[in-house]
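This report concerns only the one structure given below.
The values are calculated or read from the model by the stated rules, or taken from the named source; none is laboratory data. As the structure is a computational prediction, the values presented were derived from the model and not from experiment. Cβ coordinates were reconstructed from backbone atoms using ideal geometry, including for glycine residues, and neighbour counts include every protein chain displayed. For the accessible areas, the whole protein counts, side chains as well, though only heavy atoms, and no ligand, DNA or RNA atoms are used. Shrake-Rupley method; radii C 1.70, N 1.55, O 1.52, S 1.80 Å.
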Amino acid sequence: MKRIGVLTSGGDSPGMNAAIRAVVRKAIFHDVEVYGVRYGYAGLISNDIHKLEVGDVGDIIHRGGTMLYTARCEEFKTPEGQQTAVDNLKKCGIEGLVVVGGDGSFRGAEALTARGFPTIGVPGTIDNDVPGTDYTIGFDTALNTVINAIDKIRDTATSHERTYVIEVMGRDAGDLALWSGLADGAETILIPEQPHDIHEVVERLLRGHRRGKKHSIIIVAEGVGSGVDFGNKIQEETGLETRVTVLGHIQRGGSPTGFDRVLASRLAAKAVELLLAGEAGKMVGIVNNELVDQPIDAALKLKHEVDYTMYKLSQELSI
Ligand code: ADP
């Protein structure tokens, strides 16, 4: 293989730039040329493909977002769209592709491989919801962003003696809510993977209030539903002054943490190694701090699970 491509797809996440940098540098280290595809799969269809040199990925390792931009592309889900993508890649002389993105992007990678175009997936999403890896690129940065935000909200919660409901991202996964809740000593953490009883939440709040607790922090994962609706309900049922903060897209941006930069560099370099070894249709991941790889179709048949022991611990520590 003498020429490969790289793209970022789906939701952006901090560390994607570090992954692009690692793909480019690792490939060039092995005398392989690299082309960057802008706007994810949309750029494959519109032929927005450009050569990247060593210097083009300088000064990006610490930046959030993605220098290649990202997009969602419905056209790529069609057989015609996928064929155009493969044709454009071949016209550029590109022989393999690294896709950095979430599980949706991995399905796209799978589709390219099925059309005979070798593609390797690198998990990048703040949601940490990709099976086959303990961590995805961006999760740690988003977690720390959430923790910083909650620390600030906690100051006001304490000063005003209020209940705060904080809605965090994560799509259908509760990882971001669970980790940030545990890290911030939240009183209640609601995640989609665990059914909750509103009466129990109310009872817990009132019990704390009777005990003289001055404030409460409740974390609601977006996959559970609207934090605003939940906050209204809590205020109605408890009579306690309740405020809601929806953290929103601040969770997706920012300079990646050291953990995410290292993770992105390791995973992306591994993806290049696999392509150069003639592998295709695989995803890379990290399990117990070891780099691993497995077929994307097998990984996507698995279900991402939150760590239930952590959920139990969060309950034990917030009595
Ligand atoms: P993420 O990768 O963050 O999960 P999406 O689910 O939006 O984000 O997927 C990103 C893109 O991947 C989609 O816009 C589409 O172009 C492509 N994609 C998603 N699912 C498929 C599929 N089943 N087949 C082909 N391409 C897909």
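A few notes on this one:
- Condition met for LEU112 (over 17 Å from the mean Cα position of the chain (by Cα) and more than 12 Å from the ligand (Cβ to nearest atom)): no
- Failed criterion for GLY121 (all others in (1) farther than 27 Å from ASN288 by Cα; (2) of a type outside the set (S, T, N, Q); (3) in contact with a Lys or Arg (Cβ under 9 Å, 6 or more places away or on another chain) hold): (1)
- Close pairs from the range 8-20: first at positive phi, partner within 8 Å of the ligand (Cβ to nearest atom) and assigned to a helix (DSSP H, G or I), Cβ under 6 Å, at least 6 apart: GLY10/GLY104; GLY10/SER105
- All of ALA142, ALA177 fail the test of being of a type in the set (A, V, I, L, M), within 16 Å of the ligand (Cβ to nearest atom), open to solvent by less than 50 Å² (accessible area, probe 1.4 Å) and modelled with pLDDT of 95 or more, apart from ALA142.
- Pairs, first under 9 Å from HIS304 (Cα atoms) in the range 128-149, second open to solvent by 30 Å² or more (accessible area, probe 1.4 Å) and assigned to a helix (DSSP H, G or I), C-beta under 7 Å, six or more apart: ASP129/ASP103; VAL130/ASP103; PRO131/LEU300
- Condition check for ALA42: farther than 19 Å from ASP103 by Cβ and surrounded by 16 or more Cβ atoms within 10 Å (Cβ to Cβ): no
- Some residue of the range 104-118 being of a type outside the set (Asp, Glu), open to solvent by 10 Å² or more (accessible area, probe 1.4 Å) and farther than 19 Å from PRO295 by Cα: no
- The residues of the range 73-107 that are near the ligand (Cβ under 10 Å from one of its atoms) and either modelled with pLDDT under 95 or touching a Ser or Thr at 6+ places or on another chain (Cβ under 6 Å) (or both), listed by number, are VAL99, VAL100, GLY101, GLY102, SER105.
- Qualifying residue in the range 196-203 (condition: of a type outside the set (Val, Ile, Thr), open to solvent by less than 70 Å² (accessible area, probe 1.4 Å) and touching a residue at least 12 places away in the same chain (Cβ under 8 Å)): no
- Subset of the range 29-39 that is farther than 18 Å from LYS77 by Cα and open to solvent by less than 50 Å² (accessible area, probe 1.4 Å) - its residue that is farthest from the ligand (Cβ to nearest atom): VAL32
- The lone exception for LYS312 - which of (1) open to solvent by less than 60 Å² (accessible area, probe 1.4 Å); (2) within 28 Å of LEU205 (Cα to Cα) it fails: (1)
- ASN17 meets all of the listed conditions (1) open to solvent by 30 Å² or more (accessible area, probe 1.4 Å); (2) more than 15 Å from the ligand (Cβ to nearest atom); (3) of a type in the set (S, T, N, Q) but one, namely (1).
- All helices (runs of 4 or more DSSP H) inside the range 236-319 with 2 or more residues being under 30 Å from GLY96 (Cα atoms), within 19 Å of the chain's Cα centre (by Cα) and at pLDDT 95 or above: 258-276, 296-301
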